[in-house]
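The values are calculated or read from the model by the stated rules, or taken from the named source; none is laboratory data. Predicted, not measured: the structure shown is a model, and the values here were computed from it. Note that we place each Cβ from the backbone using ideal geometry, even for glycine, and neighbour counts take in every protein chain shown. Calculation scope for accessible area: heavy atoms of the full protein, side chains included, ligands and nucleic acids excluded. Shrake-Rupley method; radii C 1.70, N 1.55, O 1.52, S 1.80 Å.
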Amino acid sequence: MSFTNFGIGQRISARITIPNVLASESFTIGTLPGGVTVSNTNVSGNQVLLLSNIASLADVVTALRAVTYKITSSTDLASLNYQRSLTISLTDN
């Protein structure tokens, strides 16, 4: 992972999306770096987790590692053919 033009005082947001989320799918969030805020919403059938106010590149890695994808239904897992793609995007604020 690399960033260009990342300056002191800039903040980063990480957006993680489960497209066409099923009822048994969710995110679990562990310990985040200090100051990082979380919103977890459903937008047009997509589950969107937004981690905001990330202060450093090291905190980006720590924040992303704190997020776990979970699916609790073996039937749903089979319907996905045992595969799932998530989208992760980073932006500077």
Practice task
Would you pull out the residues with amide H under 5 Å of residue 67's amide H, same chain only if 5 or more places away, H placed 1.01 Å from N?
Solution key: 30
Handout entry: Rounded percent of accessible protein surface that carbon and sulfur make up, the chain, 1.4 Å probe
Key = 51 percent
Exercise for the section: Starting at the first residue of region 36-49, write each ³J(HN,Hα) from the Karplus equation 6.51 cos²θ - 1.76 cosθ + 1.60 with θ = phi - 60°, in whole Hz, x for Gly and Pro. Expected result: 6, 9, 10, 10, 10, 9, 9, 10, 6, x, 10, 7, 10, 9
Completion exercise
Phi angles of region 79-93, converted by Karplus (6.51 cos²θ - 1.76 cosθ + 1.60, θ = phi - 60°) into ³J(HN,Hα) in whole Hz with x for Gly and Pro, give 5, 8, 6, 6, 9, 8, 9, 10, 10, 10, 10, 10, 9, 9, 9
Handout entry: Accessible area per residue in Å² at 1.4 Å probe, computed on the chain
Key = 61 Å²
Fill in the blank from the handout: Calculating Cα extents along the principal axes in Å from this structure picks out, from [x] 42, 38, 22; [y] 55, 27, 20; [z] 47, 23, 23, entry [z]
Exercise for the section: Pop out the ³J(HN,Hα) list for region 15-27 in order, Karplus 6.51 cos²θ - 1.76 cosθ + 1.60 with θ = phi - 60°, rounded to Hz; leave Gly and Pro as x. Expected result: 10, 10, 10, 9, x, 6, 4, 9, 4, 8, 9, 6, 10
Practice task
Starting with the highest mean, order 73-80, 27-34, 15-22 by the number of other Cβ atoms within 10 Å, averaged over the residues of each peptide.
Solution key: 15-22, 27-34, 73-80
